[in-house]
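The values are calculated or read from the model by the stated rules, or taken from the named source; none is laboratory data. All values derive from a computational prediction rather than experimental measurement. Neighbour counts are summed over all protein chains in view; Cβ atoms, including those assigned to glycine, are modelled from backbone coordinates with ideal geometry. Ligands, DNA and RNA are stripped out before the accessible areas are found, and what is left, the full protein with its side chains, is counted by its heavy atoms. Shrake-Rupley method; radii C 1.70, N 1.55, O 1.52, S 1.80 Å.
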Amino acid sequence: LYGGSGHYMLGDFDGRKFTPETNELRFDYGNCFYASQTFSNAPAGRRVQIAWATIETPGMPFNMSMLFPVELSLHSTDKGIRMFACPVPEIENIYGRKYSWSDIDLEPGQDLLSDIEGELFDIEAEFDSGGSETFGITVNGLTISYSSKSHILTCGEEQVSLKPQDGHIRLRLLVDRLSLELFANKGEIYMP
């Protein structure tokens, strides 16, 4: 059972009555998620969600915006079954250029993206969680960091507990002119 607030419960629905098997679970860990809507008849039986981003837009002829459509799915985790969110694959239809790096040992302050210009990005990064006590990335002045010691993912003022998967932390960032949407460990954490 999923509410527009982004909170949900797992349970059984017999067609008339929902019987919860969990307490209310948190879905998003960001600071601008509101009034989400889902669509059940997306191609291939997917459940697609789009939410309202409560982001101030001074000087613009509109107020706030929509977040990027995400596909919702259920996955087994060490905490039980949880809802994951990943950007819909149709995002690839609007890609421009692609840049790729692999097997790089980064030095503090090293900027791989210093020669890349633009406003809209889909960034995927995978970090070896044992390689450093703290690591992360800064985009448009917003720092996303992970503490290998405390297992805390931080984006701006928001924080969430996140354990490595196979010794790695995977981050995906959708960067727009007004927002940044963070997906960690293949959608386990969604932080718009």
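See the values below:
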| read-out | value |
| --- | --- |
| Any hit, region 1-9, residues being farther than 25 Å from L120 by Cα, without any contact (Cβ under 8 Å) to a residue 12 or more places away in the chain, in a strand (DSSP E or B) and not basic (K, R) | no |
| Test: residue in region 162-175 that is within 18 Å of Q110 (Cβ to Cβ) and of a type in the set (D, E) | no |
| Some residue of region 43-51 being under 23 Å from P164 (Cβ atoms) and in contact with a Pro (Cβ under 9 Å, 6 or more places away or on another chain) | no |
| For A42: the one exception among (1) surrounded by 14 or more Cβ atoms within 10 Å (Cβ to Cβ); (2) at pLDDT below 90; (3) within 19 Å of the chain's Cα centre (by Cα) | (3) |
| Inter-residue pairs, beta-carbon under 8 Å, first under 14 Å from A184 (Cβ atoms) and in contact (Cβ under 8 Å) with a residue 40 or more places away in the chain and in region 143-169, second assigned to a loop (DSSP other than H, G, I, E, B) and not hydroxyl-bearing (S, T, Y), 6+ apart | C155/G30; E158/G30; E158/N31; K163/D78; K163/H151; I169/L162; I169/N185 |
| Residue tally, condition among the hydroxyl-bearing types (S, T, Y), open to solvent by 30 Å² or more (accessible area, probe 1.4 Å) and part of a strand (DSSP E or B), over region 45-72 | 0 |
| Region 14-39: number of residues that are at pLDDT 95 or above and not in a loop (DSSP other than H, G, I, E, B) | 4 |
